[in-house]
1. Mind checking whether some residue in segment 72-91 is open to solvent by less than 20 Å² (accessible area, probe 1.4 Å) and out of contact with any Leu (no Cβ under 9 Å at 6 or more places or on another chain)?
2. Would you confirm, using the coordinates I've provided, whether LEU55 is farther than 24 Å from GLU132 by Cβ, crowded, with 16+ Cβ neighbours inside 10 Å and modelled with pLDDT of 95 or more?
3. Which of the numbered conditions does LEU174 fail, given that it passes all the others? Conditions: (1) open to solvent by less than 50 Å² (accessible area, probe 1.4 Å); (2) in contact (Cβ under 8 Å) with a residue 60 or more places away in the chain; (3) in contact with a Leu (Cβ under 8 Å, 6 or more places away or on another chain); (4) farther than 26 Å from ALA63 by Cβ.
4. Quick check on my filter: what residues within segment 103-162 are open to solvent by 70 Å² or more (accessible area, probe 1.4 Å) and among the polar types (S, T, N, Q)?
5. Among the candidates GLU77, GLU132, which residue alone is more than 23 Å from LEU42 (Cα to Cα) and more than 14 Å from the chain's Cα centre (by Cα)?
6. Quick one: count up the residues across segment 70-80 that are touching a Ser or Thr at 6+ places or on another chain (Cβ under 9 Å) and part of a helix (DSSP H, G or I).
Amino acid sequence: MLTKLILNPPVSSTKPVAHRTTAPMTTAADFGLLLIRLTFGLLMAAHGAQKVFGLFGGQGLTATGKGFAALGYHPGELFAVIGGMSELLGGLGLALGLLTPLAAAALIGVMINAMATVTGAHGLWETDGGVEYSVCIAVVALAVTAIGPGRLAADRPFRWGKGGWKEAAFALGLGGIAAAITLIL
């Protein structure tokens, strides 16, 4: 046996061994993120469409503009367009997983304004007119940005499509700055 090994050593190839590489399968987490993004994003987009276009039983731009003016936003109709389009485009962006940090920033900014001008004085719970709903929207938008929109998103090939601290900080910072500017005007 030993002589056989000495006279006939095992042949080792110098060729690299090809390892089987397959794309990872889509996981339940990917579909879970897609479900959150689609549900949340499309509902927010519809909420914005109510304000701007009067769709889905909404009041439309004129009535929404009057409501914004009553809250101290002048000219009311301009701020109704800004708020409604932020919800519409931010919602669509999250639903598609497209420009996720910007989409989240749009929604976060609108929700900060809603908390500062409408719901903040009423405490936490929605049943009392409080900030509960606005906080939930802002947190979900921020969380999707931090986690990343997932494999089933238009942002997947881009750096910001992976999520992370920088992306979340960008969304929160931009949303906060936009809200502050709007509240100052």
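The values are calculated or read from the model by the stated rules, or taken from the named source; none is laboratory data. Just so it is clear, the model here is predicted, and its values are computed rather than measured. With ideal geometry, Cβ positions are generated from the backbone for all residues, glycine too; neighbour counts draw on all protein chains shown. What goes into the accessible areas is simple: the full protein's heavy atoms, side chains included, and nothing from ligands, DNA or RNA. Shrake-Rupley method; radii C 1.70, N 1.55, O 1.52, S 1.80 Å.
1. yes
2. No: the conditions fail for LEU55.
3. Tallying (1) open to solvent by less than 50 Å² (accessible area, probe 1.4 Å); (2) in contact (Cβ under 8 Å) with a residue 60 or more places away in the chain; (3) in contact with a Leu (Cβ under 8 Å, 6 or more places away or on another chain); (4) farther than 26 Å from ALA63 by Cβ, LEU174 fails exactly one: (1).
4. THR127
5. Step by step, each of GLU77, GLU132 is checked, and only GLU77 is more than 23 Å from LEU42 (Cα to Cα) and more than 14 Å from the chain's Cα centre (by Cα).
6. Total satisfying the criteria: 4.
Yes/no per residue for (1) in contact with a strand residue (DSSP E or B) (Cβ under 7 Å, 6 or more places away or on another chain); (2) assigned to a helix (DSSP H, G or I); (3) within 18 Å of THR39 (Cα to Cα):
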{"residue": "GLY90", "(1), (2), (3)": "no, yes, yes"}
{"residue": "LEU94", "(1), (2), (3)": "no, yes, yes"}
{"residue": "ALA103", "(1), (2), (3)": "no, yes, yes"}
{"residue": "ILE108", "(1), (2), (3)": "no, yes, yes"}
{"residue": "THR119", "(1), (2), (3)": "no, yes, no"}
{"residue": "ILE137", "(1), (2), (3)": "no, yes, yes"}
{"residue": "ALA141", "(1), (2), (3)": "no, yes, yes"}
{"residue": "GLY150", "(1), (2), (3)": "no, no, yes"}
{"residue": "ALA153", "(1), (2), (3)": "no, no, yes"}
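Okay, residues lined up against (1) surrounded by 15 or more Cβ atoms within 10 Å (Cβ to Cβ); (2) acidic (Asp, Glu); (3) out of contact with any Asp or Glu (no Cβ under 9 Å at 6 or more places or on another chain):
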residue	(1), (2), (3)
LEU35	no, no, yes
PHE40	yes, no, yes
MET44	yes, no, no
GLY48	yes, no, no
LYS51	yes, no, no
GLN59	no, no, yes
